[in-house]
Amino acid sequence: MNIKQMSIDELEKLAQSIRERILEVVSKNGGHLSSTLGAVDLIIAMHYVFDAANDPFIFDVSHQSYAHKLLTDRWELFATLRQFEGVCGYTKPSESLYDYYVAGHSSTSISLGVGAAKAIALKGEKRIPVAFIGDGSMSAGMVYEALNELGEHKYPMIIILNDNEMSIAKPIGAISRILSQAMASPFYQRFKRKTELLLEHLPEGAHYVARRLEEGLRMLTPGILFEEMGLEYIGPVDGHDIKGLISTFELAKSMGKPVIVHAQTLKGKGYEIAEGQHEHWHGVGPFDISDGKVVKKATQRNATQVYSDALLALAQEDSRIVGVTAAMPSGTGMSALMEAYPNRFWDVAIAEQHAVTSMGAMAKEGFKPFVAIYSTFLQRAYDQIIHDVCLMNLPVVFAIDRAGIVGEDGETHQGAFDISFLRAIPTMTLFAPRDEATLIDAVRFAALMPTPCAFRYPRGVLSSPEVFEAIPFELGKAQMLVEHDGDALLIGYGAGVGRAIAVNALLQKSLSVLDLRFVKPLDEEMLLACSQRYTTWYVMSDSAAMGGVGSALMEFLHAQGVAHVKVITFEYSDAFITHGATARVEESLGLLPAQIAQKIEGK
């Protein structure tokens, strides 16, 4: 879609059409809503001023990029948003040449922009990276690492800061508004450059007075942090004034240096029900546009709710229980705990590294920290888990939400790797509940662990087709759930237990079923006994096969000199997993119970 010849009136009508299209599709498919509605005008102005085919458009997290997708030849395809083999909910270069980089995790855009700017400079090209970042992403340290280098080398680059929840520094009344509007004008930027030249030639005394006056004016603006880092700052500007945004972006582009444009936007812009700071509308499932009501709602408690209730009950009994999450209080079930005990449970924003290390110190001081983070985001704190928790052998608990396939969010969010990367760490204990009752037991067991431990649970309802006795967790002990004659054994771990039970119900001849419970340490006594009875082990776990549960079992058998047992694992192969409804994705991987049952029976 070529918008460079459109008038301002036409651009404003286009913005309305884009918002209507986003609402139409997201209300049916689910997806990110309020932030992406708020970003529409900014993205239209980006496409008007910059060259989307050549200038790297780098969206942070990229959940705000729906308007960009609609402006780049995906208007009709957008109906397949987040569906299997459809349009991805994040930027994806394999989907479109206009998507510069894969992005689903926060705070990478400015680093990517710096890298792109270096490459452009080395190649002698006249392209300019444009990084689009939300204010929430500014809480991560990686942003400031990138800004630090950018301010030093001053590569030409535009950073669009979409401020839709908080100001970097709250504007100070009418004076701040006037100054901010003035700073966004070409006159101010010319005046500033001439002032800097003049200051270089003033006598020492006059130079000092003039410099202090200039610094005093800047202290009244939100841009002082960025300007002190060596970056040009423009704003705050109205993020919904397309005409003003175009003028501001053209000015920033002409400056030939790194410029931050601070734009204030309204989340949910154009859909009154979602307008404002409503966390519910950040990411949504299907809903009725007319009243905003959810189309369907689960009747059973999901695993996150079970975890939240169990930890809250434990916190009421034990004042040593504390907890943290990284910008996902409702998603990880921590909201209720933060409300009940605001001095013991914290949201530290998008700062997984800080979350883990700070809880290490709390554990050293005698508290019992629970770190609740999605599997995909825990990857961001790997060094801190090793260096700041496990090396000290501190009793920090990692409650790993969204383990396994998470569905429509796709490659960047699938919880495939936590077993593989945590199993390699000395002093770490790994275990997993199979259903609601054992998840409650897992929380209580974790609270008593004197060393680092982690347990995982999936998105949605955690249950098994049959109910088995939920015996208390005992370190390194498995539980045999079903015993039958025969030489084959189904081994499940976590949600894989429910899959194993479902598979068993489909087999012509039922097999024995073992709930492994612990992947580190393994129940060596039980496994050795099983090796004498069962010569084929079928492993089911919602995790990567490489370094996963099957690997752990094969390593154990090899170490024990057991060569006659064949281990067949139904875990994820060595590939990133695409987006789509969970059942559809599992079908594509051959992991539905019916598919596994057919493979076991050789059909």
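Condition first: in a helix (DSSP H, G or I) and aliphatic (A, V, I, L, M). Now tell me which residues in the range 557-580 satisfy that.
Within the range 557-580, Leu557, Ala559 qualify.
Each row is one residue, and each column tells you yes or no for (1) surrounded by 14 or more Cβ atoms within 10 Å (Cβ to Cβ); (2) modelled with pLDDT of 95 or more.
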| residue | (1), (2) |
| --- | --- |
| Asp288 | no, no |
| Ala298 | no, no |
| Asn302 | yes, no |
| Ala310 | yes, yes |
| Leu314 | yes, yes |
| Phe345 | yes, yes |
| Gly360 | yes, yes |
| Gly366 | no, yes |
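Among Leu97, Leu77, Leu33, Leu112, which is the only one that is of a type in the set (A, V, I, L, M, F, W, C), within 22 Å of Phe377 (Cβ to Cβ) and surrounded by fewer than 20 Cβ atoms within 10 Å (Cβ to Cβ)?
Testing whether each residue is of a type in the set (A, V, I, L, M, F, W, C), within 22 Å of Phe377 (Cβ to Cβ) and surrounded by fewer than 20 Cβ atoms within 10 Å (Cβ to Cβ) leaves just Leu112.
Identify the single condition in (1) touching a Phe, Trp or Tyr at 6+ places or on another chain (Cβ under 6 Å); (2) part of a strand (DSSP E or B); (3) within 30 Å of Thr376 (Cβ to Cβ) that Leu489 does not satisfy, given that it satisfies every other one.
Here Leu489 meets the rest and fails (3).
Given the residues Ile491, Ile471, which is the only one that is surrounded by fewer than 22 Cβ atoms within 10 Å (Cβ to Cβ) and under 14 Å from Pro433 (Cα atoms)? Give the derivation first.
Numbers: Ile491 fails: surrounded by fewer than 22 Cβ atoms within 10 Å (Cβ to Cβ).
Of Ile491, Ile471, the one residue that is surrounded by fewer than 22 Cβ atoms within 10 Å (Cβ to Cβ) and under 14 Å from Pro433 (Cα atoms) is Ile471.
Among the candidates Ala442, Ala437, single out the residue that is among the hydrophobic types (A, V, I, L, M, F, W, C) and either modelled with pLDDT of 95 or more or buried (at least 24 other Cβ atoms within 10 Å of the Cβ) (or both). Write out each step before concluding.
Values: Ala437 fails: either modelled with pLDDT of 95 or more or buried (at least 24 other Cβ atoms within 10 Å of the Cβ) (or both).
Among Ala442, Ala437, only Ala442 is among the hydrophobic types (A, V, I, L, M, F, W, C) and either modelled with pLDDT of 95 or more or buried (at least 24 other Cβ atoms within 10 Å of the Cβ) (or both).
Mind checking which pairs have a first residue in the range 338-367 that is in the same structural domain as Met392 (by TED's automatic domain parsing) and outside any loop (DSSP other than H, G, I, E, B) and a second that is of a type in the set (Lys, Arg) and crowded, with 17+ Cβ neighbours inside 10 Å, Cβ under 7 Å, 6 or more apart or different chains?
From residues that are in the same structural domain as Met392 (by TED's automatic domain parsing) and outside any loop (DSSP other than H, G, I, E, B), the pairs are Glu352/Arg380; Gln353/Arg380.
Select, from Ile133, Ile128, Ile120, Ile158, the only residue that is surrounded by 18 or more Cβ atoms within 10 Å (Cβ to Cβ), among the β-branched types (Val, Ile, Thr) and either within 25 Å of Val348 (Cβ to Cβ) or not assigned by TED's automatic domain parsing to the domain that holds Leu33 (or both).
None of the others qualify; the one that does is Ile133.
What pairs come up if the first residue lies in the range 490-508 and is polar (S, T, N, Q), the second is surrounded by 24 or more Cβ atoms within 10 Å (Cβ to Cβ) and not in a helix (DSSP H, G or I), and their beta carbons are under 9 Å apart, counting only those six or more places apart or on different chains?
Asn504/Leu490; Asn504/Val513
Say we look at the range 435-484 and pick out the residues that are part of a loop (DSSP other than H, G, I, E, B) and among the basic types (Lys, Arg); which of these is nearest to Ser541 (Cα to Cα)? First the steps, then the outcome.
Within the range 435-484, the first condition is being part of a loop (DSSP other than H, G, I, E, B), and the residues that meet it are 435, 449-452, 457-478, 483-484.
After this cut, where a residue has to be among the basic types (Lys, Arg) as well, the list is 459, 477.
Working: Arg459: 14, Lys477: 17 Å.
The residue in question is Arg459.
Considering every residue within the range 389-399, establish whether at least one is under 18 Å from Ala544 (Cα atoms) and polar (S, T, N, Q).
So far as the range 389-399 goes, no, none of its residues is under 18 Å from Ala544 (Cα atoms) and polar (S, T, N, Q).
Out of Gly276, Gly268, which single residue is over 30 Å from Arg456 (Cα atoms), in a loop (DSSP other than H, G, I, E, B) and modelled with pLDDT of 85 or more?
That would be Gly268, the only listed residue that is over 30 Å from Arg456 (Cα atoms), in a loop (DSSP other than H, G, I, E, B) and modelled with pLDDT of 85 or more.
Being assigned by TED's automatic domain parsing to the domain that holds Leu391, closer than 19 Å to Ile440 by Cα, within 24 Å of the chain's Cα centre (by Cα) and among the polar types (S, T, N, Q): is that true of Thr332 here?
Against the criterion (assigned by TED's automatic domain parsing to the domain that holds Leu391, closer than 19 Å to Ile440 by Cα, within 24 Å of the chain's Cα centre (by Cα) and among the polar types (S, T, N, Q)), Thr332 qualifies.
The values are calculated or read from the model by the stated rules, or taken from the named source; none is laboratory data. Every value quoted in this text rests on a predicted model; they were computed, and no experiment measured them. All Cβ positions, even for glycine, are placed from backbone atoms using ideal geometry, and neighbour counts span all protein chains on display.
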